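In what follows, a single structure is set out as structure tokens and then discussed.
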Amino acid sequence: MIDNEEVSPLTLNRLSFYLRCLRHLQEQEIKRISSQELARRYHLSATQIRKDLAQFGEFGIRGVGYDVDALAEHLNALLGLDHPHAMLIVGMGNLGSALAQYLGFNYGAFNVVAGVDNDPQKIGRKVGSFVIRPTEDLAAVVGESGAEIGVLAVPAEAAQENYDRLADVGIKAVLNFAPVRVKRRPGVPLKNVDLRINLEELAFFLRV
């Protein structure tokens with residue numbers, strides 16, 4: 001079995017996209033597809049598809065293609081989507097509140113089950129399916145909710161402190177929306193999401 005650390009983030013991104021494509025094919029009741037046809041339909045590289053999948057086993061049959069249902073099921077398990085993942089948001093301002101109600105965070109394997117904040121005006125307010133709790137109750141909230149993924153929606157200066165808090169109370173992975181890079185701890189994977197970087201990349205192409 002391949003080590004998690006040996007799989008690059010780019011490969012994982014592509015596997016996730018392949019799974020979305022396969023789910024789309026399932027909706028169309030397509031049962032089998034070749035790497036060439038998959039690449040043509042979704043503007044991908046057939047060579048890259050075969051290379052990525054080959055890291056995890058043999059799935060296609062030469063001249064026949066991939067069994068759509070079987071490959072989708074395998075990628076679903078490979079990406080850890082075959083069981084639920086409870087999420088907790090730290091920082092329930094505009095961004096945190098929006099994320100708590102975002103369909104992508106409350107669909108399939110993912111579900112936002114709790115949120116904390118240190119603002120007295122936010123504490124006690126209901127957002128989505130939960131009531132905002134004080135940040136000081138973080139350990140109890142994690143224990144009661146079973147959250148395993150933490151989402152940081154805090155100002156940049158508070159990101160490192162809150163990442164460390166999440167790691168201390170047993171959160172297993174963290175998604176960071178704060179506009180700053182934080183120091184990762186061993187055993188607590190961290191993914192940074194900086195929307196401004198994406199905008200600045202687009203701005204590059206709009207230069208006159």
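The values are calculated or read from the model by the stated rules, or taken from the named source; none is laboratory data. These numbers were taken from a predicted model, which means no experiment stands behind them. With ideal geometry, Cβ positions are generated from the backbone for all residues, glycine too; neighbour counts draw on all protein chains shown. The protein model used for the area step is the full one, side chains on, heavy atoms only, and it has no ligands, DNA or RNA in it. Shrake-Rupley method; radii C 1.70, N 1.55, O 1.52, S 1.80 Å.
Across region 96-208, how large is the tail of the calculated P(r) beyond 20 Å, expressed as a percent of all Cα pairs? Everything past 20 Å amounts to 44 percent. A helix-only calculation puts the chain at -12500 deg cm²/dmol for mean residue ellipticity at 222 nm, using -39500 (n - 2.57) for each DSSP H run of at least four residues, averaged over all residues. Compute the helix-to-body angle for 9-27: its Cα long axis versus the longest principal axis of the chain, expressed 0 to 90° and rounded to tens. Result, in degrees: 70. Taking the three principal axes of the alpha carbon atoms in region 24-113, the coordinate ranges are 53, 25, 24 Å, sorted in descending order.
Computed over protein heavy atoms with a 1.4 Å probe, the accessible surface of region 57-202 works out to 56 Å² per residue. Among the chymotrypsin sites (Phe, Trp or Tyr not before Pro) found in region 44-107, those both in a DSSP coil and sparsely packed, with 15 or fewer other Cβ atoms within 10 Å of their Cβ, are Phe56, Tyr102, Tyr107.
If you take the square roots of the eigenvalues of the alpha-carbon gyration tensor of region 111-150 and sort them as a ≥ b ≥ c, do you get rounded (a/c under 1.5), prolate (a/b over b/c) or oblate? Numbers along the way, then the final one.
Working: a/c = 2.24, a/b = 1.31, b/c = 1.70.
Note, shape of region 111-150 comes out oblate.
Applying both filters, DSSP loop and at most 13 other Cβ atoms within 10 Å, to the trypsin sites (Lys or Arg not before Pro) of region 23-123 gives Lys31, Arg62. With θ taken as phi - 60° and the Karplus curve 6.51 cos²θ - 1.76 cosθ + 1.60 applied, the whole-hertz 3J(HN,Hα) list for region 37-48 is 5, 4, 5, 5, 5, 10, 6, 10, 10, 4, 4, 5 Hz, x standing for glycine and proline.
Summarising the label geometry, the points placed 7 Å from Cα in the beta-carbon direction at Lys172 and Ser129 lie 1.8 nm from one another.
What a 1.4 Å probe finds exposed on the chain is 54% carbon and sulfur by accessible area, rounded to a whole percent. Charged side chains reduced to their Cβ positions (Lys and Arg at +1, Asp and Glu at -1) give the chain a dipole of some 580 debye around its Cα centre. For region 148-208, trypsin sites (Lys or Arg not before Pro) meeting the loop criterion (DSSP other than H, G, I, E, B) and having at most 11 other Cβ atoms within 10 Å: Lys183, Arg207.
When both bridge partners sit in the chain, DSSP labels roughly 25% of those beta bridges antiparallel. Only Cα pairs under 8 Å and 6+ residues apart enter the sum, and on that basis the relative contact order of region 69-193 stands at 21 percent.
Mean shadow of region 77-125, computed from the convex hull of its alpha carbons, in nm²? Reported value for the Cα convex hull: 3.6 nm².
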